[in-house]
Every structure is written in C-alpha cells, then in structure tokens.
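Undergrad: Okay, handing you the structure first.
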Amino acid sequence: MAPGAECVEESVCGSKAKEDANGECMVNQLPAEILIYVFSCLTRNERVKIQRVCRQWRTIIVEMLKIERHIRLSDYISNNRGQIRPDEVLETLLKKCDRSQLRSLDVCSYVFQLSLVCVASLIHDLAPNVVELNVRGHELNDEDMEIFAIHLPQLEVLVLSGCPSVSDIGLSRLFHHCRRLRRMALHSFRHVNGWSFNAMNPSLKELDLVFLPQLTSDAFGHLARACPSLRSIKMEYCASVDQSFFKIIGGLMNSLKILHFVRCPKLTSLAQTVANPNLVDFNISESWKVEDVMIDSLVLAFPNLRKLNLRNCDRVSGVAIEALAALVHLEDLDLSFMRRLKENNIIPLVSKLPNLKRLSLAESNLTDQGILRVYRSCPKLIYFNLWQYIRLFFTEVAFVEIVQFNNEQRPGNQLRVVASICCHNPEAIAQRLRETVRHCNVHFVRPKAVRCGNVSIRFI
Amino acid sequence: MAGERPSKIKLQSSDGEIFEVELDVIRQSQTIDTMLNDLGIGKDDGDEPVPLSNVNAAILKKVIQWCTYHKDDPPPPQDDDNKEKNSEDISSWDAEFLKVDQGTLFELILAANYLDIKGLLDVTCKTVANMIKGKTPEEIRKTFNIINDFTPAEEEQVRKENEWCEEK
C-alpha cells in the first residue's frame with residue numbers, strides 16, 4: 001500500500017519544513033509531555049544546546065535535567081579540548097539536578113580525568129542521595145581512598161576501575177567506611193592479592209573482579225567468611241585463580257547463583273565435590289585449557305543451569321558437548337569459536353533443549369541447511385548469533401527461509417540474528433525480502449543498515 | 001469472545017465523517033481498545049459510531065492507514081527511561097508516510113497522543129527530533145517559526161552557562 005503524502009523530497013529520516021502561510025509556530029503548541037518525548041530522542045549534549053532556542057524549550061530542558069535519576073558525565077563531554085574542566089562541568093550538572101532524585105552517577109572516562117576525592121566531596125555536598133557510582137581511579141592512592149570512602153558511606157553500588165596505585169590497604173579502608181555496598185566491581189588493581197577481602201561488608205551480593213593478576217584463591221576464603229550473602233562472582237583475567245578456588249570457598253559455593261571465570265587460564269576442571277543446584281549462570285569463556293572432563297562434571301554439579309558460556313573453549317570435542325542435553329533448563333547457550341564442534345553434534349543437542357532462547361554459534365562449521373535445521377529445532381529462539389569471519393556458509397536463501405518460517409510458524413516472535421554476509425549485492429537480498437515478507441521481526445545485525453519494511457538487515 | 005463483538009467498528013471524525021475500520025487494525029489505539037473492553041462499545045448496537053472529537057477526517061484517514069500497515073506489529077517494548085531513544089530506526093515505509101508538511105505532522109502527533117497509539121507517537125516524535133538534530137538554535141527557530149523570546153542579556157547568560165557543552 002503506497003503511502004499517500006502531500007510531500008516534499010528529502011532524506012529518509014526527516015521532512016523539510018514548508019513555511020506555513022501565516023508563519024505559525026506549531027511546535028510550541030504541542031503539550032509539554034510531547035516536547036519532552038521529542039527531546040528525549042536527542043542526545044543529552046544536544047538537549048543542553050537547544051536551551052537557547054526559546055524560553056519554553058529552556059524551561060522544559062531544565063525540568064528534564066532536574067528529574068534525571070542518572071547522570072553520565074561523558075554524555076556532556078565528548079572530547080577534551082583542554083579548556084573544559086570536568087570537575088566544573090560536574091559541579092554545574094549536580095547543581096542543576098534535583099538532589100532528591102539523583103541516584104546514580106557515572107564519571108568514568110578515558111577522555112578526561114577527575115580527582116576522585118573531588119568527585120566524592122561534590123557528591124557529599126550537592127547530591128547526597130547518589131548511591132551508585134562509576135569512577136576511574138587514575139592518580140588515586142591508598143591515602144586518598146580513605147578520604148574518598150569517608151565522604152561516601154551511603155554507596156550501594158560501586159564500579160571502581162584503573163587504580164594502579166591502590167593496594168589491599170586502600171581497599172580495606174574503602175570496605176571499612178562503605179558498609180552498605182551490595183554490588184561492587186573492581187577493574188585493574190595490579191597490586192591487590194585479596195587479603196583485604198576479610199573486611200568486606202556482609203551485605204555484599206555481587207562482586208566483579210577484572211584484571212587482578214595477583215589475586216589468589218585464598219582471597220576467596222576471606223570472602224566466604226565475610227560475605228555469606230554473596231550470590232554472584234564474576235572474574236575475568238585473574239590469572240592466578242585456579243581449581244583450589246572451589247575448595248577454599250567452602251559453603252559459599254553452594255549459595256552462588258552466578259559464577260564466571262572468563263579468561264582464567266589456570267582453570268581446567270571443577271573439583272569433584274562441587275554440587276550446586278542453585279547455580280543458574282556459568283561462564284568459562286576464553287579459559288581455553290578446559291577439556292572434555294569439565295563438561296561432564298559441570299552437568300552433574302549444576303543441573304539447573306539456565307545460562308552457559310563455553311566460548312572459545314576449543315579443546316572441548318563435539319561428542320562431549322552432547323552431554324549438555326541433560327541441562328534441560330538451559331535458555332542461553334554460547335558455543336562460539338569451538339572449532340571441534342560439527343553439525344551432527346550441535347543439532348541433536350539443541351533439539352533436546354526445549355527452553356533455548358539464545359544461541360550463539362559464531363565461527364562454527366555449519367552449512368545453510370545445518371543452520372535451518374538448528375533454527376527449526378528451537379521453537380523459542382529469539383537470538384541467534386551466526387557470525388563468521390573466515391568462511392561464508394550462510395547465503396541469502398537461508399535468510400529468506402528463516403524469515404518466512406518465523407513469520408508463518410512463529411507469528412509475533414521477535415528474532416534477532418547476528419550474521420555476517422559477504423555478499424556483493426545486499427540490495428538484492430533487501431529487495432527479495434521486500435517481495436516476500438512485509439512484517440518481519442528478524443534483525444540481521446552488522447554495520448551499515450539497509451532497511452526494508454520492518455526488517456533491519458545489515459551487511460559488511 | 002470473538003463471537004460477541006463485530007469485527008468492524010465505526011469511527012466519527014470531528015468534522016462528521018464516518019470511517020469503518022477493522023477491530024484488529026484500530027486496537028493499536030489504547031484509547032479505543034479501553035473503550036471496547038471497559039465500556040462495551042460496539043457490542044450491543046454495532047451501528048453507533050464512536051465520536052472522536054479531537055481528530056479531523058484527513059488526519060483520521062492517515063492514522064487508519066498507518067494502523068492498517070502496522071496491524072501485525074508486535075507490541076512495542078517497554079520504555080527504559082535511562083536509555084536514550086534512538087531516532088535513526090524509522091523504517092522506510094514510515095519515513096515515506098511521514099513526508100508531510102509540519103501541520104500534518106503535528107496533527108498526527110496530537111492524534112497519536114489522544115488515541116494513545118504508542119508506535120505512531122514514537123515514530124512521529126522521532127521525526128521531529130531528526131528535524132532538530134544538527135541544527136544551530138537559529139536554524140531550529142527558522143525551521144519551526146519559533147520566536148526568540150529571550151532578551152539579549154538572557155540569551156547571553158544561557159549561552160555562557162552552557163559554554164562547556166557547545167563543543168561538538
């Protein structure tokens with residue numbers, strides 16, 4: 001149905017304004033909540049700029065800033081031209097917001113540097129209801145950490161990254177003053193080995209540890225004693241953590257729900273006594289020394305897993321992963337970059353997993369037909385990652401079939417497919433889809449979007 | 001449930017014109033959907049048209065056209081207030097549909113707001129946002145015929161206050 005329009009030509013996403021006969025300004029007759037909706041489609045930086053247009057717009061933007069519950073400083077400072085002082089910008093923003101509304105602040109950036117002591121005292125003075133903070137440490141040392149923590153006893157969520165000069169001493173001061181932390185992430189603490197974890201506060205529920213190369217498994221013994229409510233431990237690039245983790249952590253192991261060991265090369269298997277019916281999310285991606293025996297033991301240890309990530313564990317064989325069929329609650333499975341897997345291992349596996357919603361098979365050796373068979377075996381699939389770097393097995397025929405199948409057999413299902421298509425003529429695929437499908441909720445994601453109807457297709 | 005209700009419903013625009021619309025097309029209007037569910041309109045005497053005092057015939061026709069094309073769309077996702085909305089994801093059909101003069105565009109926004117059709121409101125507001133993007137305040141005023149009601153002193157103050165943000 002061709003849309004009728006009294007129209008002027010122009011770009012896809014906008015219309016050129018026709019001057020009205022009497023020069024009427026219609027946009028400002030829209031109700032305020034609609035103008036708010038329009039302005040919320042702009043970036044925050046643009047919003048600040050358009051305050052100069054007229055008084056009405058300024059009033060609305062000032063109101064919008066006031067009710068912000070979250071401020072991210074990098075929305076307002078995208079490049080550092082030297083004359084911008086980030087602490088002044090932060091102070092300005094904090095003064096404009098409603099202090100009872102602002103809950104969360106993100107001042108983490110690689111573009112500019114802020115003194116954390118300055119940030120802490122600004123929050124203390126101007127926005128005392130901020131309970132979530134994301135910061136980069138730069139020059140922070142152990143003494144400054146004490147001052148920082150004293151100003152922020154109300155913090156519940158803290159993401160603290162890039163503090164090369166902070167040791168366990170500084171961390172223990174942090175834990176001493178911030179007793180309400182329930183979620184904490186520590187990124188890049190080169191000198192921390194974890195003895196300070198005995199001072200962590202008991203309300204901690206989630207802990208993320210990224211690049212703590214000196215962190216030992218012993219630290220988790222301290223953690224287990226200090227934080228019995230801990231439900232999630234996510235580790236990445238903690239090269240010194242090994243199998244003894246499971247023994248040292250003791251009883252805490254049984255109450256964990258989420259456990260990640262990403263890029264932890266010393267991990268090769270689970271300890272034999274591990275059993276945890278509460279674990280729902282297990283991730284050992286990039287821990288490339290993992291072998292077949294890990295698969296069998298994790299199936300026994302974690303029968304109620306919903307999310308499993310084995311990305312790049314490419315020593316695991318195709319036969320071994322068929323044991324994963326026992327994990328009937330699996331909803332999210334990542335088997336990308338596992339080069340030993342074949343179609344005739346993957347298809348029987350996924351057809352036995354009735355709850356599978358998200359599946360990643362990037363760089364796996366599937367053909368067109370294999371992909372279609374996998375897709376048809378998973379009635380609940382909403383995300384399908386088929387990224388291929390080197391070989392192209394997935395052609396336009398399979399695209400159209402997936403889309404048609406989705407429309408006919410699973411109406412209303414929103415499917416997101418991630419795929420790379422080295423095709424010479426993306427327009428041909430778009431055209432073919434325009435002809436065969438009109439309403440389609442399949443998004444093929446890659447850079448350079450080509451839209452056709454409701455299908456979003458992107459190609460290399 | 002399906003047997004109780006007629007599959008079409010009559011709508012009357014503010015200027016008296018009557019449009020007959022399939023139910024599954026116009027259900028995207030939360031306003032009308034609520035009317036049907038709560039008030040049972042259209043159940044007993046299917047001939048009585050629903051009066052829409054805020055929408056004229058020309059706009060109502062376009063609204064129905066949009067709803068007809070989008071009738072099989074899944075319900076739009078819940079808004080996450082913290083996420084910035086992306087105004088680039090307007091489909092090419094919608095973009096063509098909205099190549100209209102400003103008057104019509106704003107009337108469509110008002111109609112989508114009154115009839116509570118989230119998808120149409122979303123795409124029309126994003127279109128307006130795209131008309132604002134990348135323009136200086138003076139260019140924006142020109143586009144929308146907005147009068148600059150700041151005094152020179154006020155305007156200077158606003159500019160200075162936000163100097164740090166002008167870099168882009």
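Undergrad: Residues with beta-carbon under 14 Å from that of A:ASN355, excluding A:ASN355: net charge, scoring Lys, Arg +1 and Asp, Glu -1?
TA: My count for the surroundings of A:ASN355 gives +4.
Undergrad: So how far apart, in nm, are the two label points at A:HIS70 and A:ALA271 if each is 7 Å from Cα heading toward Cβ?
TA: Placing both labels 7 Å beyond Cα along the Cβ direction yields 3.7 nm.
Undergrad: While we're here: Going down the table (A:LYS289/A:LYS342; B:LYS61/B:LYS142; A:LYS234/A:LYS342; A:LYS95/B:LYS142; A:LYS205/A:LYS380; A:LYS307/B:LYS85), which pairs top 26 Å between alpha carbons?
TA: Beyond 26 Å between Cα atoms: B:LYS61/B:LYS142; A:LYS234/A:LYS342; A:LYS95/B:LYS142; A:LYS205/A:LYS380; A:LYS307/B:LYS85.
Undergrad: Could you tell me the accessible area of A:ILE50 in Å² (1.4 Å probe, neighbours in place), rounded to the nearest ten?
TA: 10
Undergrad: Please report, in whole Å³, the volume per residue of the convex hull around the C-alpha atoms of the stretch A:215-333.
TA: 83
Undergrad: Hey, got the average number of other protein chain Cβ atoms within 10 angstrom for residues in B:133-139?
TA: Per residue, the number of nearby Cβ atoms from other chains is 4 on average.
Undergrad: Whenever you get a sec, line up A:GLU343, A:GLU24 from highest to lowest accessible area (probe 1.4 Å, protein heavy atoms).
TA: A:GLU24, A:GLU343
Undergrad: From the convex hull of the Cα coordinates of the stretch B:113-168, what is the mean projected area in square nanometres?
TA: Approximately 5.5 nm², given one-decimal rounding.
Undergrad: How much accessible surface does A:LYS266 have with a 1.4 Å probe, in Å² rounded to 10?
TA: 110
Undergrad: To check my understanding: the extent here is largest minus smallest coordinate of the Cα atoms along each principal axis. What are those three numbers for the stretch A:145-257, in Å, largest first?
TA: 38, 26, 18
Undergrad: About its Cα centre, how strong a charge dipole does the stretch A:155-287 have in debye, to the nearest 20, once Lys and Arg get +1 and Asp and Glu get -1 at the Cβ?
TA: For this selection, approximately 340 debye.
Undergrad: Also: P(r) of the stretch A:56-151 in 5 Å steps, Cα pairs, percent per bin?
TA: Computed distribution, short to long bins: 2, 13, 24, 24, 19, 11, 4, 1, 1, 0.
Undergrad: Here's another thing I want to ask about it. Regarding the stretch A:294-393, what whole-number volume in Å³ per residue does the convex hull of its Cα atoms give?
TA: 78
Undergrad: Distance from a point 7 Å along Cα→Cβ of A:ASN198 to each backbone N in the stretch A:230-260: keep the residues under 17 Å and list them by number.
TA: Answer for this model: A:248-250.
Undergrad: Now for a separate question. Considering only protein heavy atoms, with the full assembly of protein chains and a 1.4 angstrom probe, order A:TYR110, A:TYR237 by accessible area, largest first.
TA: A:TYR110, A:TYR237
Undergrad: Given all pairs of different Cα atoms, what value in angstroms does the Kirkwood hydrodynamic radius of the stretch A:92-222 take?
TA: 14.8
Undergrad: If Lys and Arg each add +1 and Asp and Glu each add -1, what is the summed charge of the other residues whose beta carbon sits under 9 Å from the beta carbon of A:ARG182?
TA: That sum, taken over residues with Cβ under 9 Å, equals +1.
The values are calculated or read from the model by the stated rules, or taken from the named source; none is laboratory data. Note that this is a predicted model, so its numbers are computed, not measured. Cβ: placed from backbone, ideal geometry, glycine included. Neighbour counts: every protein chain shown. Accessible surface areas use protein heavy atoms only, side chains included; no ligands, DNA or RNA. Shrake-Rupley method; radii C 1.70, N 1.55, O 1.52, S 1.80 Å.
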